[in-house]
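Novice: Attaching a single structure in structure tokens format; questions to follow.
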Amino acid sequence: MSRKLFGTDGVRGVAGEFLTAELALALGRAATRNTGVQRPQVLIVRDTRESGEMLQAAIAAGVAAAGGDALLGGVLPTPAAPLLIHRYGFDLAVVLSASHNPYRDNGIKFFAGDGYKLSDESELQIERELEATEHERGGGAIGRIRELRGAPEDYLRELHVRFHELDLAGVDVLLDCANGATYLLAPEIFRRLGADVTVIADSPDGRNINAGCGSTHVDALALAVRDGGHALGFAFDGDGDRVLAVDSAGGIVDGDELLALATLHLRASGRLSGNGVAVTVMTNYGFHAAMEREGVAVATTQVGDRYVLEELRAREWTLGGEQSGHIIDMGFNRTGDGIASALLTLEALAGRDLRERDAMSKLPQRLVNVRVRDLGALQNAHAVDAAVHAAELELAGRGRVLVRPSGTEPLVRVMVEAPTDDEAEQVCERLVALVERELG
């Protein structure tokens with residue numbers, strides 16, 4: 001086996017082409033064997049993609065072939081997996097989802113018995129197990145496959161226990177469920193807490209997940225909130241591990257602002273361990289400035305919620321997140337949880353209007369993806385390095401510049417933040433033109 005299957009968030013690809021039933025079965029078997037448990041209990045959940053049922057059946061067959069018991073949790077948000085592991089003591093959980101990707105894609109990601117996503121070492125061991133058993137005939141104990149009844153209610157109960165003091169009576173909220181895994185559960189917990197709930201994108205058909213809706217198409221929610229006179233809205237992604245918000249005027253509130261609200265709220269209530277927060281290199285300069293004013297430490301990681309989580313674990317901190325809406329509150333869960341993050345936002349607001357948010361002031365940001373010759377084009381690009389350094393000096397103390405390669409495509413991402421839209425636009429255009437000229 002010459003290729004590396006696992007990316008930054010499990011194994012992902014076009015269902016039926018790269019991500020076949022055969023590969024899913026093999027992964028399920030290898031991961032089950034890798035637990036080192038005599039008869040592993042393995043939870044399997046999925047989002048609403050049409051390929052989910054096929055992959056669920058294949059993963060379950062692989063689990064049973066390796067002597068484990070497969071427990072089918074059905075359609076559930078990704079963050080339900082670690083909570084159910086903790087509740088039932090499962091040895092492994094498998095989540096079938098490609099998050100915010102179109103329906104044709106799907107993915108397989110694993111959570112270990114401690115509730116955390118598998119380490120790089122464990123993923124490598126699974127790949128080695130795949131290679132070692134590629135021509136194996138089988139044999140040994142055979143496990144069972146059965147439905148895990150009540151799993152959705154178990155997840156709702158965990159949310160309700162955490163937020164039982166949050167009174168949403170009279171709060172008019174619009175939820176965009178992306179035709180994904182939150183389509184039943186998000187409206188239900190908001191209603192249980194007293195909110196007046198309107199829902200869009202809550203009719204999944206297997207192919208409409210993330211299609212013009214959800215956190216990657218939040219403009220639709222913004223229009224619906226403003227035109228419908230709602231107090232605020234939340235947009236989840238397909239697997240429910242991220243969320244963005246919209247205020248009553250239709251203003252989009254990204255993960256940076258939501259994280260700033262949560263940070264100051266948890267600190268005020270004595271729940272911000274280490275008085276620090278972990279973010280990625282994409283986090284807006286305004287967040288850093290706000291945290292510096294408030295005396296909150298900030299640790300910065302590369303892009304990806306797994307790297308934020310690693311930083312939190314290393315520092316024994318509670319809170320971290322990404323601009324895209326992944327917010328990890330280790331006081332509740334061990335992965336991003338869109339529904340919990342939305343409720344945490346309302347808890348932090350304490351009845352205030354989202355338009356009155358004042359945790360941070362965002363700097364205007366421009367982000368352009370420039371197609372280049374190859375993945376390594378930015379290496380030894382001295383002219384680009386010099387221009388970036390000059391722009392950094394130009395914006396020192398007022399903004400920032402980030403020019404980085406994509407990890408998966410021949411793209412260079414040029415991001416500029418500056419005090420005004422015009423300045424951000426001018427600096428970004430200058431750098432984009434240079435990257436195109438030198439590396440395109």
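Novice: In the P(r) worked out for region 269-421, what percent of Cα pairs fall beyond 18 Å?
Specialist: Percentage above 18 Å: 65.
Novice: Restricting to Cα atoms and excluding each atom paired with itself, what does the Kirkwood estimate give for region 1-126 in Å?
Specialist: Values: mean 1/r = 0.0715 Å⁻¹.
Kirkwood hydrodynamic radius for region 1-126: 14.0 Å.
Novice: Next up: Please report, in whole Å, how far the alpha carbons of region 223-266 spread along each principal axis, starting with the longest.
Specialist: Extents along the principal axes, in whole Å: 32, 26, 13.
Novice: Can I ask one more? If the cut-off is a Cα-Cα distance under 25 Å, which lysines reach Lys117, setting aside same-chain residues fewer than 8 apart in sequence?
Specialist: Correct list for Lys117: Lys4, Lys109.
Novice: Give me a comma-separated list of calculated 3J(HN,Hα) values for region 9-25, in order, Karplus coefficients 6.51, -1.76, 1.60 applied at θ = phi - 60°, integers in Hz, x for any Gly or Pro.
Specialist: Computed from phi, the couplings for region 9-25 are 9, x, 9, 9, x, 5, 5, x, 10, 7, 8, 8, 4, 5, 5, 4, 4 Hz.
Novice: Looking at region 38-132 only, what percent of DSSP beta bridges run antiparallel? Nearest 5 please.
Specialist: That works out to approximately 35 percent antiparallel.
Novice: Counting each DSSP H run of 4 or more residues in the chain as -39500 (n - 2.57), what helix-only mean residue ellipticity at 222 nm follows after dividing by all residues, to the nearest 500 deg cm²/dmol?
Specialist: Dividing the helical sum by the residues of the chain leaves -11500 deg cm²/dmol.
Novice: Hey, another quick one. Under a 1.4 angstrom probe, counting protein chains only, how are Val173, Val303 ranked by accessible area, largest first?
Specialist: Val303, Val173
Novice: Sticking with this structure for a sec: How would region 67-116 be classified by its alpha-carbon gyration tensor: rounded, prolate or oblate, with rounded meaning a/c under 1.5 and the a/b versus b/c comparison settling the rest?
Specialist: Judged from the Cα gyration tensor, region 67-116 comes out prolate (a/c at least 1.5, a/b above b/c).
Novice: How compact and how long is region 142-267, expressed as Rg and Dmax of its alpha-carbon atoms in Å?
Specialist: Cα only, region 142-267: 15.6, 57 Å (Rg, Dmax).
Novice: Sticking with this structure for a sec: Average the reciprocal distances over every distinct pair of alpha-carbons in region 317-394, invert the result, and give the Kirkwood radius in Å.
Specialist: 16.7 Å
Novice: Separate question: Provide the packing ranking of 90-101, 182-193, 395-406, 351-362, i.e. peptides ordered by the mean count of other C-beta atoms within 10 Å per residue, highest first.
Specialist: By packing density, highest mean first, the sequence is 90-101, 182-193, 395-406, 351-362.
Novice: Which of rounded, prolate or oblate describes region 107-199 when judged by the alpha-carbon gyration tensor and an a/c cut-off of 1.5? Write down the numbers at each step before the final one.
Specialist: Numbers: a/c = 2.93, a/b = 2.66, b/c = 1.10.
Prolate is the answer for region 107-199, as a/c is 1.5 or above and a/b outweighs b/c.
Novice: How big is the Rg/Rh ratio for region 274-325, C-alpha atoms only, Rh by Kirkwood, two decimals?
Specialist: Here Rg/Rh amounts to 0.93.
Novice: What shape does region 78-159 take by its C-alpha gyration tensor, where a ≥ b ≥ c are the square roots of the eigenvalues and a/c under 1.5 counts as rounded, a/b above b/c as prolate, and the rest as oblate? Before the final figure, lay out the partial values.
Specialist: Numbers: a/c = 1.79, a/b = 1.42, b/c = 1.26.
Since a/c reaches 1.5 and a/b is larger than b/c, the shape of region 78-159 is classed as prolate.
Novice: Next up: Which number do you get for Rg(Cα) / (2.2 N^0.38 Å) in region 338-440?
Specialist: 1.38
Novice: Now for a different question. HN-Hα J couplings of region 424-440 from phi, Karplus 6.51/-1.76/1.60, θ = phi - 60°, integer Hz, Gly and Pro as x?
Specialist: Working through the residues one at a time gives 4, 5, 5, 5, 5, 4, 4, 6, 4, 4, 5, 4, 4, 5, 7, 10, x Hz.
Novice: With viscosity set to 1.567 mPa s and temperature to 4 °C, compute the Stokes-Einstein D of region 213-327, Rh being the Kirkwood radius across alpha carbon pairs; µm²/s, no decimals.
Specialist: After rounding, the answer is 89 µm²/s.
Novice: Mind computing the radius of gyration and Dmax over the alpha-carbon atoms of the chain? Å is fine for both.
Specialist: Final numbers for Rg and Dmax: 22.2, 67 Å.
Novice: Another question about this same structure. Per residue, how much accessible surface does the chain expose to a 1.4 Å probe? Answer in Å², no decimals.
Specialist: Per-residue value: 42 Å².
Novice: Applying the Karplus parametrisation 6.51 cos²θ - 1.76 cosθ + 1.60 with θ = phi - 60° to the phi angles of region 384-392, what ³J(HN,Hα) value in whole Hz is obtained for each residue in order, glycine and proline being reported as x?
Specialist: Result, ordered by residue: 5, 4, 5, 5, 5, 4, 5, 5, 4 Hz.
Novice: Would you mind putting 68-75, 195-202 in packing order, based on average other-beta-carbon counts within 10 Å, highest first?
Specialist: My ranking of the peptides, most packed first, is 68-75, 195-202.
The values are calculated or read from the model by the stated rules, or taken from the named source; none is laboratory data. Quick caveat, the model's predicted, so the values are computed rather than measured. Glycine also receives a Cβ, built like all others from the backbone with ideal geometry; neighbour counts cover every protein chain displayed. For accessibility, only protein heavy atoms count, side chains too; no ligands or nucleic acids. Shrake-Rupley method; radii C 1.70, N 1.55, O 1.52, S 1.80 Å.
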